[in-house]
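The structure appears below as structure tokens.
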Amino acid sequence: MTALALAQPRRLVRTVTTDDGAGIAVYTHGDPDAAATVLLCHGWTRSAQDWRPHIDALTRPRQGFPVLRAVSYDQRGHGGSTRGTAVLDMELLGRDLALVLAEAASDGNPVIVIGHSMGGMAIQQLAVRQPALPGVKLAGVGLISTCLDKVGSLMAGTPAARRRVQAQQRVAEGLLRSPRSARAVHRLLTGPLSHPTTAPLWRAVFGAGPHTETARAGARAFRDIPATTVAEFYSALTTHDCAGHLGALALVPTRILVGSLDCFTSPAQARRLADDIPGAVLQTVPGQGHDLPYERPVLVVETVHALLREMPRGLPGTLAPSVPALW
């Protein structure tokens, strides 16, 4: 499934506790004395475990680049993190990220933040509501298969294609918003029929694709999350709207990746996101859907290395010039 080897076992650093009592599991990997850190934020129904191939590549020596320390975490209600008591919305996930980022940046070294889908939305929410984080040296941002607002909307294509996808999404949303129906969908997506060709809801929820092995990995991830939590997060995603408010991200190098076949966070959405962040670099990947970072992990690693090259005053082993002390 991937050109990269799986990583060494992750190590639990600590559990960060939020104001509403959620315990956010944070993991660290690699040399604690590394010159920079990459923080990886996973998407809906995924977990920190899905970043294993990326972490393995980023924490190994590579000529021309410093060895990085990698930090990953489980979003609340996912993996090893608990749900907490607060009403779920995307602003809440941005506040969670602020706590994790403070942990990741505790050594005072530069941090590059990478987010997939819901993780990318959490990064945006943080940039809007807490643009200044004392002590955090943000060196770069990668936003992968994510969007600015209107989650799941199809903003391009023929009228017939738009109507078809919109109908699929209305069905998916209606099912996922009902606890009873959510449990039925949960069984469908995680059962023996979870192959994308026999479970059209994969396409309705995640966009074109995914490849067979990625769909199976997604099914395994779904099994680990209660059906009602899956539904609750789906509703929370629809509250995301950062349009016109991402000026803070113009202060650091920002790169955006999207699959050409992604209809959950579409290429049209990615273009709007790039337009909202002056100086952002957009890359559209042919033939890929919403699971881009897991099917093409090398692209994520290359994005991190590109952000390292763009850092103002370089780290040992990079080209470079002074990262801002604040976000």
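For this structure, a couple of remarks:
- Taking a ≥ b ≥ c as the square roots of the eigenvalues of the alpha-carbon gyration tensor, the range 109-153 is classed oblate because a/c is 1.5 or more while a/b is no larger than b/c.
- Backbone N within the range 78-104 under 16 Å of label point (7 Å from D19 Cα along the Cβ vector): 84-100
- DSSP-defined beta bridges in the range 1-135 - what % are antiparallel, rounded to 5: 50 percent
- In Hz, Karplus ³J(HN,Hα) per residue of the range 122-132 (6.51, -1.76, 1.60; θ = phi - 60°; x = Gly, Pro): 4, 4, 4, 4, 5, 4, 6, 9, 9, x, 10
Every number here is computed from the coordinates shown, using simple stated rules; none is lab data. Quick caveat: nothing in here was measured; it's all calculated off a predicted structure. Neighbour counts are summed over all protein chains in view; Cβ atoms, including those assigned to glycine, are modelled from backbone coordinates with ideal geometry.
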